[in-house]
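Chemist: One structure is given below, represented as structure tokens, and several questions about it will come after.
The values are calculated or read from the model by the stated rules, or taken from the named source; none is laboratory data. Just so we're clear, the structure is a prediction, and the values are computed from it rather than from any experiment. Cβ placement follows ideal geometry from the backbone for every residue including glycine, while neighbour counts extend to all protein chains displayed. The protein model used for the area step is the full one, side chains on, heavy atoms only, and it has no ligands, DNA or RNA in it. Shrake-Rupley method; radii C 1.70, N 1.55, O 1.52, S 1.80 Å.
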Amino acid sequence: FSSGIIRLQCSLYSGDNTLFITSKCNSNCVMCPSSDNSRRKGVIPESTEIMDLLRHYPEGIKHVTITGGEPFLFREEMFAVLSYLKTNHGDTEYLILTNGRIFCLDRYVDQLAATMPRGTTLAIPVHGSTDAKHDAITRSPGSFAQTLSGVSKLLAKRIPIEIRIVVSKLNAEDLNAIVDLIVTRLP
């Protein structure tokens, strides 16, 4: 309080609270509002910092959006966060904004399935119908294959997913093909 600044971290009365994990990201999307420097050199917080924040969440929170950068760059600590939320705020609805790339690895899919609270949905973007189009937007070679693999593995575990398409001049003419991809490969 010596600075005279008070920050409201979470409100029981808000329809949507946000838990920002890190600005760091393993993609480098052209439309991202975070700077390139922030995505590359962002700080991944200490586990105690996030857990201390969560301990102050009031009971009965309706909705929390978990975001970043890429929240799953928090790795094992992210699953500890989810486990804590599952135990202490199991009736809260969660939306996790992620690029889904980490879930191309089976062990992370298994950890997510074991720790996520019910009422959790992962929001994962598909930016193009081909690796060339998707990866040009993420500016991360291989991200298309990792994202599709991750989404397929999450769906196989029946983990709720929301596919997002961020429309721009880079993919507007590809929308029908993106929809076809989703319908045929990610039903």
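Chemist: Over the range 40-187, with a single point scatterer placed on each C-alpha, what log10 of the ratio I(q)/I(0) does the Debye formula yield at q = 0.11, 0.13, 0.16 1/Å?
Modeler: So the normalised log intensities are -0.45, -0.61, -0.89.
Chemist: Which parts of the range 93-129 would a label at Thr65 reach, counting a residue when its backbone N lies under 13 Å from a point 7 Å out along Cα-to-Cβ?
Modeler: Inside the label zone: 94-98, 123-124.
Chemist: Over the chain, give the accessible area per residue in Å² for a 1.4 Å probe, as an integer.
Modeler: 54 Å²
Chemist: Here's something else I'd like to know. Please give every one of the lysines within straight-line cross-link reach of Lys24, meaning a C-alpha to C-alpha distance under 22 Å, and leave out same-chain neighbours fewer than 8 residues apart.
Modeler: Within the straight-line limit of under 22 Å, Lys24 reaches these lysines: Lys41.
Chemist: Also: Return the distance in nm (one decimal) between the two label points of a simple spin-label model at Asn28 and Thr48, each offset 7 Å from Cα along Cα→Cβ.
Modeler: 3.5 nm
Chemist: Roughly what % of Cα-Cα distances in the range 73-157 sit above 22 Å, to the whole percent?
Modeler: Value for the range 73-157: 28 percent of Cα pairs lie more than 22 Å apart.
Chemist: Measuring from label point to label point, each 7 Å out along Cα→Cβ, what is the Ala172 to Asp131 span in nm?
Modeler: Reported label-point gap for Ala172 and Asp131 is 2.9 nm.
Chemist: Report, to the nearest whole %, how much of the accessible area of the chain belongs to carbon and sulfur atoms, 1.4 Å probe, protein only.
Modeler: For the chain, the apolar C and S fraction of the accessible surface comes to 54 percent.
Chemist: Using θ = phi - 60° and the Karplus form 6.51 cos²θ - 1.76 cosθ + 1.60, what ³J(HN,Hα) does each residue of the range 109-120 get, whole Hz, x for Gly and Pro?
Modeler: 5, 5, 5, 5, 4, 7, 10, 6, x, 5, x, 9
Chemist: Figure the gain on full extension for Ile182 and Arg118 (residue separation times 0.36 nm, minus the Cα-Cα span) and round it to one decimal in nm.
Modeler: Length gained, Ile182 through Arg118: 20.6 nm.
Chemist: Per the helix-only calculation at 222 nm, which mean residue ellipticity applies to the chain, given -39500 (n - 2.57) for every DSSP H run of n ≥ 4 and division by its residues, nearest 500 deg cm²/dmol?
Modeler: Details: 7 runs with 70 residues, N = 187.
Per the formula, -11000 deg cm²/dmol.
Chemist: Looking at the chain, send over the antiparallel percent of its DSSP beta bridges, to the nearest 5. Write out the running numbers ahead of the final one.
Modeler: On the way: 0 of 16 bridges.
Counting only bridges with both partners in the chain, antiparallel ones make up about 0 percent.
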